[in-house]
Every structure is written in C-alpha cells, then in structure tokens.
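Down below is the structure, laid out as structure tokens.
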Amino acid sequence: MEDLYRNSFEKKLVQWTLRIQKLFIYRVIQRTVLTIFPFVLIGSFAKTFQVVFLGDDGFLGKLMPEINDNVFEQIDDVVSAISNLTIGWVSVIAVFAAAKYTAKYYKRDDQLAGITGSISLLIIAYVYSKRSPLAFHSSVLGVRGLLFAILLGIFIGYIFKLTSKEAKNSKFKAMTSSILNRTFTSMKSISLILLISVIFSDLVNITFYSNLPESVLTSISSTNPSTAPLMELLHTFGFGAYTIIMSFLGWSGPYSAIETSYSDPASLANLSYALTHHTAWGAPNLFNGNTLYHAFATFGGTGATLALLIAILWVSRDNDLLTVSRWSLIPSIFNINSGLMSGIPILFNIVFLIPFLLAPMVNMLIAALALQLHLMPPSVYAVPAGTPGPLIAFLGTNGSWQALIFSLITLTVSVFIYLPFVRIAERVKTIDNLDRDERSAKNEKK
C-alpha cells in the first residue's frame, strides 16, 4: 500500500480524502453530482452551440452561413429549450436525487422524498409576480444553485426520517392499497416540508426584489477608487478569489466564463485609451477583472479547468476520467465546463480543491508581473462570447503575440499544477476499490 504514495503530502491528502469519503453527507453529495452528469453534459453541448454559433456576438457565429431567419429562430429555440431544461433546471434533478438517497439510507419512502424535494425547490424559487404567473428564479434552479439543492435534499430526507415511519416493500398485487399507505405514512413529512418551503420562498423573493445580490456583487467587483497599482492588484485578486470560491461551492455565483463584463469604470477607461491611441500599450489600468481574471484565470471555465482536462488526457490511465474528459473537451474549449465539473467530479471534490483555487491565482500573478514589467499590453477590447480561454488575451489586445505567449505559459503552468492532483485522484480511487474488494471478500467468507 505504501508503494502507491510518492511523498508524505500525497499520503496525507489521500488518507484525509478517504476518511471524508466515508462521511454520509459526502457520499450523498458525490453520488448526486454524478447522477446529474448526463443532463449537464447534454446541456453543455447545447449551451456551447447556442453561445458560440447562434449568438449574435458568438465566437464563430459570424462565420456561419446565412440561413433563413425563421429556420435560424427555430434552431435557436430548440437549442435554448434543451439548454434551459438541462443545465437551467439541473438543481431540480439534484434535489430529487439527494432527497431520495438520504431517505433510502434511513429506510424511508425515497420516491416520495425525491418528489417532495423537487416541488420544495420549485416553491422556493417561485417568483411572486402577477405579470408572470409561472416564473422562477433561474439562479436557484440551475448549476449555480447546486449546493443549496443538495443540502435541501439531505434536509428533506432527514425530515422524512424524523416524521415518518420506515417504508415497507410494496406488493404489486396490492398496488392501490400500498400507494395509499405510503402516502399517508409520509403525509406529515410532506406537509411540514412544503410549509417550510413557502416560508423560505418569501425570504428568497424579498432578497431578490431588494436587489441585494446585485448590490453585493457590484460593491465587490467595482474597481477600487484608489489609483495605487498595488491596491488595484489586491482588489482584483480578492475579487478573483471570491468568484472562484463562490462558483466552486455552487451557490448563486456572480460569475460565469461566458458572461464577461467590460462595463466597469477601469475597463471603460482602458477601452477609451485604446480607441484614442489605437493601441492597448500604455492603458491606464493594468490590474482589473478583465486584464487579469477574465483573460488569464478562466481557461476552460472557472478554476482554469481546461488545464485539468489536458492533464487528465496527458497522464491519466483511469477509464472514467478519460471518458468524461473526452466528452467534455469541446464545451471546455469554449469555457463551458459544467460537464467536467459534475462528471469527474470537480464539484465538492476535496482532491481538486487546492488546484482549483491555486491555478487561477498563479495565472493572475504571472500576468500581473508581465503587465507591470510591460512585457505585454493589457486586454482592453471586448471579445466574442465563447472565445477559447487561451485566445481571450490575444483578441482582447487586438492580436498581441506577447499576450498569446503569456496565455500559453499560464496554461502550461496550470497543467503542471493540476498534474499531481490527477495522480492523487487516481490513488484515492485505487485504494477505495481495494478496500471494497477486501470487504466483499470478507463478506463472502462469512
């Protein structure tokens, strides 16, 4: 067993991860994330096609041949429906799975728990509006609300444990009586959960209508009024850390790699300078979200996960990791990493937490040094939606080869940051499989 470890750090991280994996809540989270993978993967392909090809400002949209507007709209409607009902509603699937797994673990009615979980999340996300009689807060139902959905599912399963009796196996011949018995056994749990959901829904609507999330995000992401380069740099790093952590945890995150904003004062000042002087060299604000975070920290999506995908394809021998990476390759190239996040999984995976946070920060530090030493110009121009991560700085500087070189350098550095953790993830899986085989062998002898 000791031969599986390369050093003491790897040994400690593997052992710590194995201990955490034995926790019930962690097993539910990982199992739920893997359950939603096929829907997220399909949705990521649809989203990629919609953003990159069909969008007016898509990376390859202008290269598409001219087609009839009606045909174009029909294609766009179909792709949007697939994307919205998979990625856009993935938390509804997640809460169903989490509630079902939790209730089943406690030997309660897992089917009714799962259905109750989905209805509960829809109640919480429901928009109180007379203009839109059936509307929901999209950020609660999509990938950004994933952690909340999983925790809600676990909570619902636990409520079923406390307020309902143990579920008995139903007999097909007495199906009607069996279903009625199950229903009335779980009625108290269902009623209590729906009541709690209504109360929570009121709080959610008050929060959204008060524009609190937007106010918090604006105060964090806006450029520091200080003109000191060090303060601007620290503020940008703080914003980068905040967005990465929030996106990783799955809350209603403030950032997506395909939702880049160029409207903050610092970016507008840089753009005005570039348009006036016909060059990005000498732009006044070297350090802001567009010049550092968006241009160098989001290769493949939040967490620079394109580097992880390359690292897996380079060194991994695990069939599961390789299969997920190959299927997620095309969306990840265009910065849509939902499939990779749920299929590996990266979401809530202890092994990949360190490189997920470290790689973007190191990339930003390298880019900041290059900008400070005037080795490349800052990224000042808006880039098409879905632009591959390594090309964002190149296009954002209007074709600076220096920016392209540093993009490739930072991508390479990110790959080497992820490499040891790919090997660690394989060690964890190998040891976990060995432990399962040993337990199975012992059970067979008994």
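The table below lists the values:
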{"item": "The stretch 98-148: trypsin sites (Lys or Arg not before Pro) in DSSP coil with no more than 16 other Cβ atoms inside 10 Å", "result": "LYS107, LYS130, ARG131"}
{"item": "Relative packing of 337-347, 414-424, which averages over residues the other C-beta atoms within 10 Å, highest first", "result": "337-347, 414-424"}
{"item": "The stretch 23-209, dipole about Cα centre (Lys/Arg Cβ +1, Asp/Glu Cβ -1), debye to the nearest 20", "result": "1480 debye"}
{"item": "Distance violations [Cα-Cα > 28 Å] among LYS22/LYS47; LYS107/LYS188; LYS11/LYS107", "result": "LYS22/LYS47; LYS11/LYS107"}
{"item": "Rounded Å value of the spacing that divides the Cα centres of the stretch 21-52 and the stretch 291-322", "result": "17 Å"}
{"item": "THR32 - accessible surface, heavy atoms, 1.4 Å probe, Å² rounded to 10", "result": "0 Å²"}
{"item": "Built amide H within the under 5 Å cut-off of PHE136, gap 5+", "result": "VAL127"}
{"item": "Share of carbon and sulfur in the accessible heavy-atom surface of the stretch 30-163 [1.4 Å probe, %]", "result": "63 percent"}
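The values are calculated or read from the model by the stated rules, or taken from the named source; none is laboratory data. Nothing here was measured: the structure is a model prediction, and the numbers come from that model. In this analysis, Cβ positions are derived from the backbone assuming ideal geometry, glycine residues included, and neighbour counts consider all displayed protein chains. When the accessible area is computed, the model is the full protein with side chains, heavy atoms only, and any ligands, DNA or RNA have been set aside. Shrake-Rupley method; radii C 1.70, N 1.55, O 1.52, S 1.80 Å.
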